[in-house]
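Trainee: Following this message is one structure expressed as structure tokens.
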Amino acid sequence: MKRNNKKSSNLFDLAKTTVKTALWIVIVFALIFLLGRFIYNDLYPAPKIEIQAQGLTDVKLPSGMKNVVCHYSGFTSYFNPETHIPNCVAYEIIESETTGDEPRKKSFEADHTIDGCAESSDYRNSGYDRGHMAPAADMKWSKEAMEESFLMTNICPQVKSLNSGIWHRLEQRVREWAARDSSIIVVCGPIFTPGKPVEQIGEIGVAVPHRFFKALYAPGRNIGIAFIFDNDKVKGELRKYAVTIDSVERETGLDLFYNLPDDIENEVENQCNYKLWEKR
């Protein structure tokens with residue numbers, strides 16, 4: 001009987017030793033994994049630094065297009081003092097900027113440092129929303145960025161059903177894609193159809209765009225896509241309005257993502273595969 005008890009005790013001790021060994025192995029591997037992550041992050045920093053160096057939010061405008069470059073903390077507005085709206089707005093949104101606690105600002109303001117900037121009152125009773133180009137919801141990470149997103153240099157006249165409809169849905173998808181892919185470069189703005197009359201609103205004569213575009217580039221996955229919507233009630237799924245970035249450049253005369261190496265720029269700007277953006 002004593003012999004059996006001793007045998008059981010030996011088995012128990014062996015089991016305890018095995019469990020302790022297994023736990024130490026797990027701890028060691030976890031430490032190696034964490035150390036590897038730190039080393040990786042040092043060797044391969046977050047894409048924001050690389051993107052700033054590459055100038056991927058820089059946009060070339062057609063010769064003769066009136067333009068004032070307005071650098072804000074969360075975006076850059078390429079503002080047109082003749083149309084009183086931006087030619088386009090460009091910014092990067094990274095994963096950490098897809099959420100935040102900064103409450104939405106309630107009022108729009110003119111940037112009085114910029115000639116030709118509209119007043120919020122120019123939109124009053126016009127039938128058009130004050131449509132954000134760089135969305136306020138992308139600026140919740142900073143009080144300054146939120147306030148600047150409500151400057152009229154970031155605003156265009158939009159039909160309400162577009163502003164609160166598919167345009168809003170695309171803004172939400174961009175945040176989802178940025179959270180997934182770490183970084184998305186966004187360039188968006190108005191499109192005017194040559195030869196088509198341009199409506200003007202307000203005392204200053206704010207030009208009402210015929211259409212709007214949004215071009216996207218995901219540096220981590222090296223994919224690009226764009227969307228074009230009429231400034232009207234737009235029905236259907238986002239994929240229906242997907243186009244190449246090249247087609248946006250033909251419509252607007254803008255040169256987007258020109259700081260990319262030529263082979264990458266050509267590849268990205270000819271893509272129109274919505275499935276790539278939906279793929280996890």
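The values are calculated or read from the model by the stated rules, or taken from the named source; none is laboratory data. For clarity, every value in this text was computed on a predicted model and none was experimentally measured. Backbone-built Cβ (ideal geometry, glycine too); neighbour counts: all protein chains shown. SASA here: full protein model, heavy atoms, side chains in, ligands and nucleic acids out. Shrake-Rupley method; radii C 1.70, N 1.55, O 1.52, S 1.80 Å.
Trainee: Which of the following residues is within 21 Å of the chain's Cα centre (by Cα) and farther than 24 Å from residue 240 by Cα: 142, 164?
Mentor: Being within 21 Å of the chain's Cα centre (by Cα) and farther than 24 Å from residue 240 by Cα holds for just one of 142, 164, which is 142.
Trainee: Inside the stretch 234-272, can you point out the residues that are among the polar types (S, T, N, Q), open to solvent by 40 Å² or more (accessible area, probe 1.4 Å) and assigned to a helix (DSSP H, G or I)? Step through it out loud before you land on a result.
Mentor: Here is the first cut: in the stretch 234-272, the ones among the polar types (S, T, N, Q) are 244, 247, 252, 259, 266, 270-271.
Within this subset, residues satisfying the condition of being open to solvent by 40 Å² or more (accessible area, probe 1.4 Å) are 259, 266, 270.
Within the stretch 234-272, 266 is the sole residue that qualifies.
Trainee: What about residue 276, is it at negative phi and in contact with an Asp or Glu (Cβ under 7 Å, 6 or more places away or on another chain)?
Mentor: On the way: at negative phi: yes; in contact with an Asp or Glu (Cβ under 7 Å, 6 or more places away or on another chain): no.
For residue 276, the condition - at negative phi and in contact with an Asp or Glu (Cβ under 7 Å, 6 or more places away or on another chain) - is not met.
Trainee: Turning to a different aspect of this structure: Kindly indicate whether residue 115 is acidic (Asp, Glu), at pLDDT 95 or above and in contact with a Pro (Cβ under 6 Å, 6 or more places away or on another chain). Reasoning before the result, please.
Mentor: Details: acidic (Asp, Glu): yes; at pLDDT 95 or above: yes; in contact with a Pro (Cβ under 6 Å, 6 or more places away or on another chain): yes.
Yes, satisfied.
Trainee: Report yes if residue 122 is in contact with a helix residue (DSSP H, G or I) (Cβ under 9 Å, 6 or more places away or on another chain), in a helix (DSSP H, G or I) and closer than 22 Å to residue 201 by Cβ, otherwise no. Step through it out loud before you land on a result.
Mentor: Values: in contact with a helix residue (DSSP H, G or I) (Cβ under 9 Å, 6 or more places away or on another chain): yes; in a helix (DSSP H, G or I): yes; closer than 22 Å to residue 201 by Cβ: yes.
Considered against the rule, which asks whether it is in contact with a helix residue (DSSP H, G or I) (Cβ under 9 Å, 6 or more places away or on another chain), in a helix (DSSP H, G or I) and closer than 22 Å to residue 201 by Cβ, residue 122 comes out as yes.
Trainee: Let me ask something else about it. Restricting the search to the stretch 95-112, which residues are open to solvent by 30 Å² or more (accessible area, probe 1.4 Å), farther than 11 Å from residue 140 by Cβ and either in contact with a Lys or Arg (Cβ under 8 Å, 6 or more places away or on another chain) or charged (D, E, K, R) (or both)?
Mentor: 95, 106, 108, 109
Trainee: What number goes with the only condition from (1) at positive phi; (2) in contact with a Leu (Cβ under 6 Å, 6 or more places away or on another chain) that residue 187 does not pass?
Mentor: So residue 187 meets the others, but not (1).
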